[in-house]
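Let me begin by presenting the structure, written as structure tokens, before commenting on it.
The values are calculated or read from the model by the stated rules, or taken from the named source; none is laboratory data. Nothing here was measured: the structure is a model prediction, and the numbers come from that model. So basically every Cβ, Gly included, is an ideal-geometry build from the backbone, and we count neighbours across all protein chains shown.
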């Protein structure tokens, strides 16, 4: 059962009550039916009254206590602790059963009738107790499921007892069998009651009165004064009227209409009882813990429909004189299956109908008077069953046939169903909307338990992706959600049906007091649904987030409940035509996340508070987008899924060869090459890739992914020794490269060195192994196949640290790491398949791999790969030529483009992301003045996939690297001797699996407790912006003081903004260490630096002791300064 209700059968707070009720219901009906059979078949002759009258009297005697004693039973249940009363009532059942045994053995019909009356008294007192104690032991979300099990179990128990009583009593030794079974059931019920947990104390203010009539009228007035309770009781009582009519007419219906024997009567009873059980359990599954009358109108209409069909199915007149059919003969006729189907459907609808009404009665009645409300219900139920018997007798007396009785009842039920729909238009329309949306879009709702945990008042914030969103929320959120709606929109005719499903708060957006209206509504206990974006997305990602919903939650002291709608953006009702591949009926998922509250420091007031809450709400929304992202795949599975979402025929990859690849061609090429590479390696083996930014590197990368190999991206710009160290660390045995690339890049020496340690495979040599048949098979697999299964937590990629400060280490990233980082970026940065990414950053660099290749490819963006970021004149021309909208770079490269590019080269660019090194103020100024583009600086590390923080168009602060991405935990630790900032440690789903080191090849060294030490000193402001103070390794201790080399570099860059500068520390006998400033600026000297530092008011301790001028600073392939080479250069006196 998807709502988890069956787990209650393992709980002490429910199972003993369920068992006591089940056994009691079975016992009542065991004795009642045994009595009826005895009167009719054995003891009827010679009695003062005819058997038919005695049977009717027996039924009346069983019901009579419900009229006489229900009020008293309700009073006692409210007055005293309920579990103790249940034990006493079940003990009384043992006594009644014992008296019943005596009556059976004596054969006294009078004694048996007295015993039946006793069972009725016991049931009368147990009824209010069982229903009133349920809400005391079950959570509100469990109440529907608990009632479903109770109702379903009760009807199964009635069936079992009725059948057993009829079958056993006439058998040889039947009286003994029935007697033993009666005592066993009663005793077992009593034993079960002993395990009931203590319930809430009774209501001491309740007075138990002996005036039965007055108290009966009092409890009826109690529910009459509560419209919701009274209507629930009427609905429940109508169900019992319907059920009693069917059960009473089954014998005559079977004999006179179906021409069948008593065994078919049992079959009809079985079908009806099982149907009630099925409907009850089904109701629990449908409502999933929600207390709602939503199924009731539909169930009432269903009972009407199938009751009418039952009349038509059974209106064929019986053949006179025909022999009564047994069960087998009855089932051999196809027409009879229609009758059984109608009865089953009526009963299922009955279960769907009754469970919500019982639950509403229990949950809405005050705890102090709940049992009396249930007692009033029992009185009304009994009255309606008497009305059923009287009406049935009257109609039969007037010459109606049984099918005609069913027809009249169907007509009456139609009137009731229409009345119910009028009473519950919201439930009817809500159910109708939900049914249509489920059929059309397969809507799936997850996390309903979180909404229940939020309580009565909450602000529900939802992403806005289509015109369907409000309808989806109205149809699938529990209860009757409130919506803020424009007063003008509320008057539109086509909006009014929607307003009947929700509580709409009409507000005038031009009125500044409107927010106060919403605050008061939430304070009054409403769950307010608000779309914080204020408009439907036109990018597919989050738009601007308004702080209003956050302020409403803050002022009303209500939690915020984030809700993600996913899939509706692909419907025809979105505003993404031409931007995504829209479908007629895509699958839609609604995910409700746990409620949360804003912790706003008390000192923050006014506008600053609004700004703080706005940022916090944005974090909630972007965090929601990340948490609910579909990222639990392998990279190749994600690529195949991207093709499915965005279509296989659109171009997604291109390079300088201008031979673009579509998703289908990329996947087909990956399958074809992957088959060849699988024969050259072992499953799970790491295989080196030594390739530049061209289409082939993407194909080779995904080829390895497709066959479960792990690409290790080798940095060919670092020299043979470093590459060999990387191969040793990763345990590489095979490296894949290209002859053409080796020749053009003049890397013959590197390959020669590699050939002595690993096997080198060339793509040109592998190509002949891919014949025409293999190509066709790969294309078919790309078009019609899926992706092989794989573990998202397994190794997906090995990258190597830049080596800017030491020997490179292998960084092992899993599929989950990389997809998490892509999802984190997608949650914060709005991009769409209309964007074109220009990536000149090498994919052996984590920034170039994740940001420049994986993120766009897996999200439907087109990527243009260029092999070198150092071509300062060519790159801007190609950005212009490709109409690129997103560019990645480092400060070094961006500064170079800024110097030589034409002002219009970047006309199409929306975003420029910079990372790997600090962006200089001069670089920012040039890009803004010359191109009108704001550089969005980010921050990360290879070990974190790589991005940790990034400035975005929505949240940007110059001088910082932006705000931490969702899903990342940060810890700051003070470092002795460094006054500004603290060491940053991070943990999150994007943090690597571990290091591979050359000194321990193939041995994975995971981060301790999942925390990665960035080695950076940072500050974190109240708005969450991260500012890099410097690297801990890049501090020098001069005369006992810690000096940041990064700070000295930043100041030197201000002095010479159009030149490259770098600072290293070398040993000093007098002060411990001294600073050396290296620059490519001709004529630079220490006096200029000293004057600048004095003008800036900086201590002379920060001034480098030496200024060294070089022709060019050593750089890594990523654009970072190569500090290892630089220090060697300084120590060598200017000669590396």
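Listed values, structure above:
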item: Single match in 889, 848, 806, 896 (criterion: within 27 Å of residue 624 (Cα to Cα), in the same structural domain as residue 924 (by TED's automatic domain parsing), more than 28 Å from the chain's Cα centre (by Cα) and at pLDDT below 95); result: 848
item: Matching entry among 114, 133 (being assigned by TED's automatic domain parsing to the domain that holds residue 283 and without any contact (Cβ under 8 Å) to a residue 24 or more places away in the chain); result: 114
item: From the options 869, 856, 842, residue that is touching a residue at least 24 places away in the same chain (Cβ under 8 Å), buried (at least 24 other Cβ atoms within 10 Å of the Cβ), part of a loop (DSSP other than H, G, I, E, B) and touching a strand residue (DSSP E or B) at 6+ places or on another chain (Cβ under 8 Å); result: 869
item: Flag if residue 374 is buried (at least 18 other Cβ atoms within 10 Å of the Cβ), part of a helix (DSSP H, G or I) and out of contact with any strand residue (DSSP E or B) (no Cβ under 6 Å at 6 or more places or on another chain); result: yes
item: Of residues in the range 508-556 being at positive phi and out of contact with any strand residue (DSSP E or B) (no Cβ under 8 Å at 6 or more places or on another chain), the one modelled with the highest pLDDT; result: 525
item: Of residues in the range 997-1031 being touching a strand residue (DSSP E or B) at 6+ places or on another chain (Cβ under 9 Å) and part of a loop (DSSP other than H, G, I, E, B), the one farthest from residue 828 (Cα to Cα); result: 998
item: Check on residue 665, more than 24 Å from residue 989 (Cα to Cα), within 30 Å of the chain's Cα centre (by Cα), assigned by TED's automatic domain parsing to the domain that holds residue 789 and modelled with pLDDT of 90 or more; result: no
item: Residue 230 being over 20 Å from residue 39 (Cβ atoms), without any contact (Cβ under 8 Å) to a residue 60 or more places away in the chain, in the same structural domain as residue 91 (by TED's automatic domain parsing) and surrounded by 15 or more Cβ atoms within 10 Å (Cβ to Cβ); result: yes
item: Matching option when the condition is within 18 Å of residue 157 (Cα to Cα), in contact with a helix residue (DSSP H, G or I) (Cβ under 7 Å, 6 or more places away or on another chain) and in a helix (DSSP H, G or I), among 286, 269, 310; result: 269
item: Residue tally, condition under 42 Å from the mean Cα position of the chain (by Cα) and surrounded by fewer than 24 Cβ atoms within 10 Å (Cβ to Cβ), over the range 68-83; result: 2
item: Options 562, 586; residue that is at pLDDT 90 or above, in the same structural domain as residue 526 (by TED's automatic domain parsing), touching a strand residue (DSSP E or B) at 6+ places or on another chain (Cβ under 7 Å) and surrounded by 19 or more Cβ atoms within 10 Å (Cβ to Cβ); result: 562
item: Qualifying position, being in contact (Cβ under 8 Å) with a residue 60 or more places away in the chain and surrounded by fewer than 21 Cβ atoms within 10 Å (Cβ to Cβ), among 334, 328, 293, 252; result: 252
item: Residue list for the range 872-890, filter: over 10 Å from residue 901 (Cβ atoms) and touching a strand residue (DSSP E or B) at 6+ places or on another chain (Cβ under 8 Å); result: 878, 882, 883, 884, 885, 886, 887, 888, 889, 890
item: Failed item in (1) over 23 Å from residue 961 (Cα atoms); (2) out of contact with any helix residue (DSSP H, G or I) (no Cβ under 7 Å at 6 or more places or on another chain), with residue 885 passing the rest; result: (1)
item: Selection status of residue 410, within 26 Å of residue 313 (Cβ to Cβ) and either in a helix (DSSP H, G or I) or assigned by TED's automatic domain parsing to the domain that holds residue 352 (or both); result: yes
item: Leading residue by the ranking (surrounded by the fewest Cβ atoms within 10 Å (Cβ to Cβ)) among those in the range 434-462 that are over 14 Å from the mean Cα position of the chain (by Cα) and not in a helix (DSSP H, G or I); result: 456
